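Below is one structure, written out as structure tokens, with a few remarks after it.
Read-outs: derived from the displayed coordinates by stated rules, not from any lab. From a predicted model like this one, the values you see are computed outputs, not experimental measurements. All Cβ positions, glycine included, derive from the backbone under ideal geometry; neighbour counts span all protein chains shown.
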Amino acid sequence: MRDDICTIPVSEIFEKKDGCPICRMRDTIEERMTDYILGDAMMEPDVRIETNKTGFCEYHYGKMMSRRGRLQLALMLQTHINEINSGIFKKKLFNSDRKKGESAKQISDTCFICTKIEWGLSRMIDTVYRCYESERDFRDMFNGQPMFCLPHYERLLNGVSKKDMRRYGSEFAENLNRITAAYSGALYEDLSKYCAMYDYRSKEGADWGSSRDAVERTVAFLNGRSYDPDK
Ligand SMILES: [Zn+2]
Ligand SMILES: [Zn+2]
């Protein structure tokens, strides 16, 4: 499998100012991986060997089920199930219940797409630190972001190494804190307004302002996934 499926130039991601940039990175890799799995990956035996072992998580099975290309998915599932049948359920010596349970857990706990996203994301986040340390334009793009979701705020903040960001490490953390605190503060205001709009004393026809989608935006901030009621 080509590595460039899981990596995108970080400046491309940070040029936009729309939601959390790390979520954008993840979504881009995720889209590419899903297309790849339901397309070219069928022809690549090394990918099939891996997907046969790991399978996918609930979220990514759902994503693939919502796409076209059922035959590709069926072919992949066929060899995955075959591997499960011969690895777990076939009668053989020394295949204790404990061993069967462990093998089943291993499959349930692993997802090919999640693993690849994680691989690509950790590389790209290292590049974010490197670019922040060395490029002024990138610092401006980063500092101008409208938000970071809480999981990615945590990841960026905890991943900073003082060694790799000698000069700009504290400026990086300051901006990350400033942007995330401001966004979280604004969410509180919008949620308060939202709740007040339900109050029987609130005036009919009062303006919702930016509070209308406060619940959706708060959930997206807290878990790093947009809530889409149609999915
Ligand atoms: Zn995020
Ligand atoms: Zn997954």
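Here are some notes:
- Once Rg and the Kirkwood radius are both taken over the C-alpha atoms of the chain, their ratio Rg/Rh works out to 1.07.
- Fully extending the segment from N143 to R130 would add 3.2 nm, taking 0.36 nm per residue of separation and subtracting the current Cα-Cα distance.
- Set of lysines with alpha-carbon distance to K193 below 29 Å, sequence-local pairs under 8 removed: K16, K17, K203, K231
- Qualifying aspartates and glutamates (Cα of each under 15 Å from Cα of K105; at least 8 residues distant if same chain): E58, E83, D97
- Sum of side-chain charges, R139 neighbourhood, beta-carbon under 14 Å (Lys, Arg +1; Asp, Glu -1): -3
- The local environment of D3, defined by Cβ-Cβ distances under 11 Å, has a net charge of +2 under the rule Lys, Arg +1 and Asp, Glu -1.
- Kirkwood Rh and Cα Rg combined as Rg/Rh, the range 147-231: 1.15
- Largest GNM mean-square fluctuation among L187, L75, L150, using the chain with Cα springs under 10 Å: L75.
- K53/N223 FRET efficiency (R0 30 Å; Cβ-Cβ; nearest 0.05): 0.60
- For the range 75-155, a Kirkwood hydrodynamic radius built from all Cα pairs, placed in the Stokes-Einstein relation at 4 °C and 1.567 mPa s, yields a translational diffusion coefficient of 77 µm²/s.
- Here each label is just a point 7 Å from Cα along the line to Cβ, and for A206 and R123 those points are 5.2 nm apart.
- Against the compact-protein benchmark of 2.2 N^0.38 Å, the Cα-based radius of gyration of the range 11-146 scales to 1.35.
- Fewest-first ranking of Y59, Y132, Y153, Y168, using other Cβ atoms within 10 Å as the exposure measure: Y59, Y168, Y153, Y132
- From its DSSP helices (H runs of at least four residues, each -39,500 (n - 2.57)), the chain gives a residue-normalised ellipticity at 222 nm of -20500 deg cm²/dmol.
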